1. With a 10 Å Cβ neighbour count serving as the proxy for reagent exposure, in which order, fewest first, do Ser295, Ser319, Ser287, Ser355 appear?
2. Residue by residue, what Karplus-based ³J(HN,Hα) values in Hz, rounded to whole numbers, does segment 67-79 have, using 6.51, -1.76 and 1.60 with θ = phi - 60° and x for Gly and Pro?
3. Pop out the ³J(HN,Hα) list for segment 290-298 in order, Karplus 6.51 cos²θ - 1.76 cosθ + 1.60 with θ = phi - 60°, rounded to Hz; leave Gly and Pro as x.
4. If I stretch the segment between Ala243 and Thr133 completely, what's the gain in nm (0.36 nm per residue apart, minus their alpha carbon distance), one decimal?
5. What's the magnitude of the charge dipole for the chain around its Cα centre, counting Lys and Arg as +1 and Asp and Glu as -1 at the beta-carbon? Answer in Debye, nearest 20.
6. Over the C-alpha atoms of the chain, what are the Rg and the largest Cα-to-Cα span, Dmax, in Å?
7. Taking every DSSP beta bridge with both residues inside segment 117-362, roughly what % is antiparallel (nearest 5)?
8. Give the relative contact order (percent, whole number) for the chain; include only Cα pairs under 8 Å separated by 6+ residues.
Amino acid sequence: MSWPHLPLSRRGFLLAGAGAGAALGLAALPAHASGRPFGRYGSPERRLTPQTLYVDPYGRGDFTTVQAAVTAATGSGRTLVLAPGVYRETVAADTTRTEATWIGAAENPRDVVIVYDKAAGTPRPGGGTYGTTGSATVTVQGDGFTARWITFANDWLRADHPDISGTQAVAVKVQGDRSAFHHCRFLGHQDTLYADSTALGVLARQYFAHCYVEGDVDFVFGRATAVYEGCHFRTLDRADLAAAPYGFVLAPSTAGANPRGYLVTRGRVSSAAPDAFYKLARPWVPSSDTTARPSLVVRDTVLGPGIDAVAPYTDMSASFPWQSMRFAEYRNTGPGAVVSVPENRPQLTDEQAGSATRETYLGDWTPWQGC
């Protein structure tokens, strides 16, 4: 599908309360507004199923916050329908909440936004800092999770906190197996989308279809087996740096025993930064798993001029050079995909590309069916 230009994260792009999110085109409602905000998904009086809960920040649903609804939605197979609005909160859904579905009732991700502003280095009230995982606006751990038409955002900004060095600020961390996001947006700067698993050795298959992700440093990262189909990745400009590289789009941390990491297919990468100021990827070998061999295939994707075509990959650590990892491309196009130095751009053969598909990566799970 053709995905329109979407606004970038900027200071004040979201504000709490009524009238919020004007930069995103949100139709904010006053607290006294009447009418039914859930569209074809009904209302608390006319439920899709007894398993459905309705969330509306103006009090016309079962709950006014997403976390309150998640807390109430115990067990398996619960659906949350989110009315248009800005939900400024952190949300955590643990491993016991399986087969959950979150639906943005407006069927437009701009209209339903879950946002908060914590970074890894943000001080905790009881001492210490949150760390990368603790910075997440939304954390989803249960298997079988599905989200549609929702924006997940972290609007923490470096410029506001020059005293904080831990600048990772996650919009969503997803860890469950069979986790799918359709027509969602992920807004942030560093470490925006954390596609991971609950533990080393635990398989987590994830599928992102027709989504928009923006950021600057490693803004799609983790050890999940994840397919990004028809997604738009947008690299942000940076006022705090004067020289390249500004950052890196992808930073997989695939376990060495896992044959499949990240697959980007039929997507595009655009940029608000100067040409060639971004790397496409670098491998993340975390201290908790020094045997990781990050795996990434980018295929049939349009790479804009923001990507350094001469040297699109770089190391995160000199101890783990990207050349020793599992990075490859296939039939990419655009200025950022030009192969001028072949050894810097490993390419799949046609035979190898035959196995670099969503079906091979996700096995018997077919989340694209019925969409």
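Please treat every number below as a calculation from the coordinates, not as lab data. Everything quoted here is computed from the prediction, not taken from an experiment. When we count neighbours, we look across all protein chains shown, and the Cβ atoms used for this are built from the backbone with ideal geometry, even at glycine.
1. Details: Ser295 23, Ser319 9, Ser287 6, Ser355 13.
Listed from fewest to most nearby Cβ atoms, that is Ser287, Ser319, Ser355, Ser295.
2. 4, 4, 5, 4, 4, 6, 7, 6, x, 10, x, 8, 10
3. 6, 9, 4, 10, x, 10, 8, 10, 10
4. Details: separation 110, 0.36 × 110 = 39.60 nm, distance 2.90 nm.
Extra length from Ala243 to Thr133 when fully extended: 36.7 nm.
5. Numbers: 33 positive and 33 negative charges, 116 e Å.
That gives the chain a dipole magnitude of about 560 debye.
6. Looking at the chain, its Cα Rg and Dmax stand at 20.0, 63 Å.
7. Numbers: 1 of 61 bridges.
Looking only at bridges with both residues in segment 117-362, the antiparallel portion is about 0 percent.
8. 9 percent.
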